[in-house]
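Trainee: Encoded as structure tokens, here's the structure I'll be asking about.
Quick note: the coordinates plus some simple rules give every number you see, no bench work behind them. Here the structure is a predicted model, which means the values were calculated and not measured. Cβ sites come from the backbone with ideal geometry, for glycine too, and all protein chains shown count toward neighbours.
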Amino acid sequence: MPVWTGGREGRAMQPYRGSDGDSGIVAYECGPDWIEVRFRHGGTYRYDARHPGVDHVLEMQRLAEAGDGLNTYINRFVRDDYSARESLDP
């Protein structure tokens, strides 16, 4: 999968509420056909119209806004089908 070096330049991600208090997700950011998800242990991943597809992205956006079920959804339905991951190296 491609690796990118970021691109948020000054934009803050939304904190993920996670109703159970122990979600593996800490923050997210959404665009028209994409979502970026920052995991507690493991970097930031971008999911978009190509990977894993628009239907999954729309559901992930809905779950992110609701603050519930996003980590479970990713683990169950999209796993490694992301379009890019953010490099943790400077």
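Trainee: May I ask what percent, to the nearest 5, of DSSP beta bridges between residues of segment 16-63 are antiparallel?
Mentor: Beta bridges within segment 16-63, antiparallel portion: roughly 90 percent.
Trainee: Mind checking the full-extension length gain between Ala66 and Ala12? Use 0.36 nm per residue of separation minus the Cα-Cα distance, one decimal, nm.
Mentor: 17.6 nm
Trainee: In nm, give the distance between the simple-model label positions of Asn75 and Arg40, each being 7 Å from the Cα along the Cα-to-Cβ direction.
Mentor: 1.1
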